[in-house]
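Structure first, then comments.
The values are calculated or read from the model by the stated rules, or taken from the named source; none is laboratory data. What you are looking at is a predicted structure, and each value in this text was computed from that prediction instead of being measured. Cβ placement follows ideal geometry from the backbone for every residue including glycine, while neighbour counts extend to all protein chains displayed.
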Amino acid sequence: MAAWVGLRVYCTLLTEMAHDLTWLNSLSDAEAADELLKCCGSKRWAHHVASGRPYDALDDLIATANDIWWSLDSNDWLEAFRSHPKIGEQNAAEQVAQQSREWSTDEQSGVASASPETSDELARLNREYEQKFGFIFIICATGKTPEEILSALRERLKNDAAVELQVAATEQNKITELRLKKLLSAS
């Protein structure tokens, strides 16, 4: 009986995912790009991923999104970074969809439990990071404690600009993958 229930749940999840991909595939290119911008703030990325539809499986969408991300230039990456609030803050430099703001708040929820000292240090090092690299500190904060984020920030401040841009782009790509999954489960 338990195996049957497990199989039913699995089949239901597959059906729901197929529905979600059907939803994404059924949108116009402009509508799909707008939805995808909730996952990654690069307009070129969103338009290229939208034009790659239809997708048969989530893995296909994620693989294409990943390939497109790494084909973009640094200006596209910086545009995506600007769609995120600084760690510990709520507003991004660019205007973003309500869904993106909610996801950012959720992704950074661990920072809310930071001690005043940790919060102050995060704010100070965020400013130092932005001054050094010219863009905000991007990290896939989901599931990370304030101390883990602070430790990563300290370590990444040691990088040179070229290395750090690649590290930040990798973190953005992780965030994008999580958000694509959220987008499809929310549709």
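Here are the numbers for the structure shown:
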{"read-out": "Residue selected from segment 140-166 under the condition under 20 Å from the mean Cα position of the chain (by Cα) and among the charged types (D, E, K, R), by the criterion surrounded by the fewest Cβ atoms within 10 Å (Cβ to Cβ)", "value": "148"}
{"read-out": "Test: residue in segment 24-44 that is under 14 Å from residue 180 (Cα atoms), in contact with a Phe, Trp or Tyr (Cβ under 6 Å, 6 or more places away or on another chain) and either hydrophobic (A, V, I, L, M, F, W, C) or modelled with pLDDT under 70 (or both)", "value": "no"}
{"read-out": "For residue 137: the one exception among (1) at pLDDT 95 or above; (2) in a helix (DSSP H, G or I); (3) among the aromatic types (Phe, Trp, Tyr); (4) surrounded by 14 or more Cβ atoms within 10 Å (Cβ to Cβ)", "value": "(2)"}
{"read-out": "Criterion (without any contact (Cβ under 8 Å) to a residue 24 or more places away in the chain, of a type in the set (S, T, N, Q) and on the phi < 0 side of the Ramachandran plot) met by exactly one of 173, 126, 159", "value": "159"}
{"read-out": "Check on residue 50, on the phi < 0 side of the Ramachandran plot, over 16 Å from the mean Cα position of the chain (by Cα), part of a helix (DSSP H, G or I) and of a type in the set (Gly, Ala, Ser)", "value": "yes"}
{"read-out": "Residue 169 vs. criteria modelled with pLDDT of 95 or more, outside any loop (DSSP other than H, G, I, E, B) and over 11 Å from the mean Cα position of the chain (by Cα)", "value": "no"}
{"read-out": "Check on residue 96, at pLDDT 95 or above and under 17 Å from the mean Cα position of the chain (by Cα)", "value": "no"}
{"read-out": "Residue ID - nearest to the chain's Cα centre (by Cα), chosen from residues in segment 54-81 that are buried (at least 16 other Cβ atoms within 10 Å of the Cβ) and assigned to a loop (DSSP other than H, G, I, E, B)", "value": "72"}
{"read-out": "Subset of segment 140-166 (residues that are of a type in the set (S, T, N, Q) and either assigned to a helix (DSSP H, G or I) or more than 28 Å from residue 61 (Cβ to Cβ) (or both))", "value": "145, 151, 159, 166"}
